[in-house]
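Undergrad: Next up is a structure, given as structure tokens.
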Amino acid sequence: MTDSSGGSGPVIWRKDGSIISGESELTLTIDSVGTQATGVFECYRTEEQRQAAEQAIMRLIVRSCPDGKWGRGCDQDCPDCENGGVCNPSDGRCMCAPGFMGDTCDEACGSNGFGLECEYKCSDETDARETCAGRLFCIQDPYACSCYIGFKPPECQDPCDEKTFGVNCLKQCNCKEQCDVVNGACDDGCEAGWEGGDCQTECAEGKFGEDCTETCHCLDDVACDRFTGRCPNDTCAGGWVGEICQDRPCSEDPCQNDATCLDTPEEGPDYYTCTCTEGWEGTNCDQEIDECSSDPCQNGGTCTDEFAQYSCACTDKYEGDNCEVEIPCAGEDGGSPYRPPSRLNLTCTVLPTEIPGAGEDGGMSGGGSLGVMIGEIPGAGEDGGMSGGGSLGVLIGGAVGGVVFLAVLGSLAHYLIKKKSKPAVVKPKSDPADYE
């Protein structure tokens, strides 16, 4: 018992009106509890308190059978008595709390009815439940006494506190909002971990959350916490991620560098696939592709890796994106290739140089002029290629003789070009003695 009077001194205990000797504390311990302990207990400090009805009173009921059993040998199973009903150990019937009736006490009497078949009312003038406030209802043992449904003891005057309901407000309400104080019905659904019309049923294994609508996704199908959904050791089943294993892998953006993520719940071990953008590879597209890894450069070319592309530095004899094209007629030293000219221009020039002994008939008996035939090769370079212009000079004798031998010069130029020889201009010798 708890003394709220603020008094002091020894406590007097009585059972069924008789003083219990040797007991003077607020706590009374009963050894070897049996049906003989059933009775009404009182405790107080002075007789004046008892006379003023200021003592504490408690009725103790000890069932003859364990909870849920009835019969002479307590070998029969009691029905499931609802709404605070109690199974009678003698006949197995449900003894209903005031406000309910039926074989299992599952039928409500209405706003203020009570009795075995709800044949009584707290007031004939109104059906308001409040008319039953302040009344203590005592029924056949082992039910004992209680407040009307929806009111709390000891005075039975005040309604149940928030989140409680039922007989003496002993049941916990598991609704999202306040439940019905009579039957615990929830209009807005159940809190996490509960389900059912009155939210009194725990979530089945493998379920959690409000109204038990969420499914656990723990490793090896282990049950999660029915309130929070958290898995033991925070280990998720394959294809699930997140704090409570309710998200798919793509929700965590595993694919990098603007790659596209696709969840694949049936395909492990990653259970997602990244479609990489150009230049990237790897499970998460986080590895730059080495375009040179496939050795694309042929014929001794050197590969340089660049982002999403590559370049080849070819040897002197090859060209093309992959050095796959051989350069025709490339020199042994890798020089520019020879290409035949498209035309040959020949020009006859008479130089004003006197050759001693040259005669007018082109002989060497008298003086004469030096005749030179110049061959111009359009586009011919110094190396015999086509990168620039060039000329071919040949000494053919006197001025008249130069014209005569024009055909010979053309044949000679063609021969020299085929041999890849550099065209040259033969200049007149400065010393006339060189011609003797």
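The values are calculated or read from the model by the stated rules, or taken from the named source; none is laboratory data. Values in this document were obtained by computation on a predicted structure and should not be read as measured data. Cβ atoms come from the backbone with ideal geometry, glycine included; neighbour counts cover every protein chain shown.
One line per residue, one yes/no per condition, for (1) in contact with a strand residue (DSSP E or B) (Cβ under 8 Å, 6 or more places away or on another chain); (2) closer than 25 Å to Phe100 by Cβ; (3) small (Gly, Ala, Ser); (4) buried (at least 16 other Cβ atoms within 10 Å of the Cβ):
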position: Val182; (1), (2), (3), (4): yes, yes, no, yes
position: Glu202; (1), (2), (3), (4): yes, yes, no, no
position: Thr215; (1), (2), (3), (4): yes, no, no, no
position: Arg226; (1), (2), (3), (4): yes, no, no, yes
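Undergrad: Only one of (1) under 30 Å from Gly229 (Cα atoms); (2) surrounded by 15 or more Cβ atoms within 10 Å (Cβ to Cβ) is not met by Tyr318, so which one is it?
TA: Against the list (1) under 30 Å from Gly229 (Cα atoms); (2) surrounded by 15 or more Cβ atoms within 10 Å (Cβ to Cβ), Tyr318 comes up short only on (1).
Undergrad: Please specify each residue of segment 236-279 satisfying the condition of being under 22 Å from Glu210 (Cα atoms) and surrounded by fewer than 15 Cβ atoms within 10 Å (Cβ to Cβ).
TA: Glu243
Undergrad: Can you tell me how many residues within segment 160-180 are buried (at least 19 other Cβ atoms within 10 Å of the Cβ) and in a strand (DSSP E or B)?
TA: Adding up the residues that qualify gives 4.
Undergrad: Restricting to segment 109-137, name every residue that is assigned to a loop (DSSP other than H, G, I, E, B) and surrounded by 14 or more Cβ atoms within 10 Å (Cβ to Cβ). Before you say what the answer is, go through the steps one by one.
TA: Taking segment 109-137 first, the residues assigned to a loop (DSSP other than H, G, I, E, B) are 109-112, 115-119, 122-128, 133-135.
Within segment 109-137, Cys109, Ser111, Asn112, Gly115, Cys118, Cys122, Ala133, Gly134, Arg135 meet the criteria.
Undergrad: Can you name every residue in segment 184-197 that is surrounded by fewer than 22 Cβ atoms within 10 Å (Cβ to Cβ), in a loop (DSSP other than H, G, I, E, B) and within 36 Å of the chain's Cα centre (by Cα)?
TA: Asp187, Asp188, Gly189, Glu191, Gly193, Gly196, Gly197
Undergrad: Please determine whether any residue of segment 96-106 is assigned by TED's automatic domain parsing to the domain that holds Asp124, at pLDDT 90 or above and exposed (fewer than 12 other Cβ atoms within 10 Å of the Cβ).
TA: No, the conditions are met nowhere in segment 96-106.
Undergrad: Quick check on segment 60-108: of everything there that is in contact (Cβ under 8 Å) with a residue 24 or more places away in the chain and of a type in the set (S, T, N, Q), which residue is nearest to Glu130 (Cα to Cα)?
TA: Once the filter is applied, the top-ranked residue is Asn83.
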